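Some notes on the structure that comes next.
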Amino acid sequence: MEHVLSVSEQLAVGECAVCGTDHHASIMFDLGDYAVSRCAACGLVYLSGGRSAAAERIRYQKDHFDTGYMRGFDVDEIAGEQLESTRAALACAGASLAGLPRWSPVLDIGCARGHFLNVLRCEMSERQFIGVDASRRMAEKGRAEFGLDLRGRTFETAGLPPGCFGLVTAFDVLEHVVSPAVALAKMLRLLHPRGWAVLEVPSETTVFRALARTAFLASGGRISEPLRALYHPSHLTYFTPRSLTRLLERLGAADIVVRCKEAHITRFGADRYRPLARSVIRAAVGLDRVLGTEAKLLVVFRRHSGA
Ligand SMILES: [Zn+2]
């Protein structure tokens, strides 16, 4: 049976996933039922307390397109934007879809129903496309709709051959896993020596978080909803470019480029908010653009030649 964390366990600082210790970490906010910690050594922000991988995985069994956050989004529009981001990330590293190792397969981790892989397949023929997702239901629906090789498993258990993938993508996945270091190390092992990985995660460094923190602190903790929305209980880690680069370097990644981009929620989903909130969102998005602190990090890297 899964160990359920007590409130005091959830509010304990917990280990930094980059540094592997809690020596430099302290609580940033105590929200009552959970807390958010920050490691002063590397800048990683993370939900406090120890987490169980099995317990976290249970969250992702359901079909999130029917019942969760994705409801109301145009999934094809997002898949198109992810393709645009993949091209942009590869270009930052001096690479391109056309230049990926010949015949090498492509893997999308957290593929949902495979919309992104389906869009990508139209751009890159004569390859194998594999998607893995913790939700068996979503993988099944995607297989039926697109005829893609989608596996309703974690990528650790999906029977993926190491060292052969020309491209591994993972959009909005890393922040959901209990050990991002273990997940990134596995991704690196899956890569072809000349292959690339492209990831997207929420950024810790954005005007949105600064505003939410200010509202929380200035109100003596009474205005906590923006903070709860931005430090969502299912997002376990919040990287800065520095903390993510440090972790990737430690794991043996090379040619790492981190850039920021606007989040889907504001680019495609701002209509779901009331007019006043929409105005604040527009202003924060504009300020983030000027400051170069947009709400998502887009990261590209590959294996170090000796790794
Ligand atoms: Zn740290």
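In the range 204-258, what residues are surrounded by fewer than 18 Cβ atoms within 10 Å (Cβ to Cβ), free of Cβ contacts under 8 Å to residues at least 40 places away in the same chain and of a type in the set (Lys, Arg)?
Listed by number, the list holds a single entry, Arg222.
From Leu247, Leu227, grab the single residue that is within 16 Å of the ligand (Cβ to nearest atom), closer than 24 Å to Gly14 by Cα and aliphatic (A, V, I, L, M).
Exactly one of Leu247, Leu227 is within 16 Å of the ligand (Cβ to nearest atom), closer than 24 Å to Gly14 by Cα and aliphatic (A, V, I, L, M), namely Leu247.
Select from the range 191-224 the residues that are under 22 Å from Cys164 (Cα atoms) and within 18 Å of the chain's Cα centre (by Cα) and list them in ascending order.
Matches in the range 191-224: Trp196, Ala197, Val198, Leu199, Glu200.
Does at least one position in the range 132-146 carry a residue that is charged (D, E, K, R) and either surrounded by 23 or more Cβ atoms within 10 Å (Cβ to Cβ) or closer than 22 Å to Ser279 by Cα (or both)?
Yes: one or more hits.
Can you work out which of the residues in the range 41-51 that are surrounded by fewer than 23 Cβ atoms within 10 Å (Cβ to Cβ) and near the ligand (Cβ under 8 Å from one of its atoms) is farthest from Leu236 (Cα to Cα)?
Ala41
Can you give me the ranges of the strands (runs of 3 or more DSSP E) entirely in the range 134-249 with at least 1 residues that are among the polar types (S, T, N, Q)?
Hits in the range 134-249: 165-171.
Considering only residues that are within 14 Å of Leu199 (Cα to Cα) and crowded, with 17+ Cβ neighbours inside 10 Å, which ones fall in the range 259-270?
Cys260, Lys261, Ala263 - these are the residues of the range 259-270 that are within 14 Å of Leu199 (Cα to Cα) and crowded, with 17+ Cβ neighbours inside 10 Å.
Being in a helix (DSSP H, G or I) and either free of Cβ contacts under 8 Å to residues at least 60 places away in the same chain or hydroxyl-bearing (Ser, Thr, Tyr) (or both) is the filter here; which residues of the range 259-280 pass it?
Within the range 259-280, Ile265, Thr266, Ala270, Asp271, Pro275, Leu276, Ala277, Arg278, Ser279 qualify.
Among the listed residues Val182, Val168, Val201, identify the single one that is among the β-branched types (Val, Ile, Thr), touching a residue at least 24 places away in the same chain (Cβ under 8 Å) and surrounded by fewer than 24 Cβ atoms within 10 Å (Cβ to Cβ).
Every option except Val201 fails the conditions.
Which one is nearest to the ligand (Cβ to nearest atom) among residues in the range 23-33 that are in a loop (DSSP other than H, G, I, E, B) and closer than 23 Å to Arg228 by Cα?
Only one residue tops the list, namely Leu31.
Values quoted throughout were computed directly from the atomic coordinates according to the rules given, and no laboratory measurement underlies them. Computed from a predicted model, the values in this text were never measured in an experiment. Note that each Cβ is placed from the backbone with ideal geometry, even for glycine, and that neighbours are counted across all protein chains shown.
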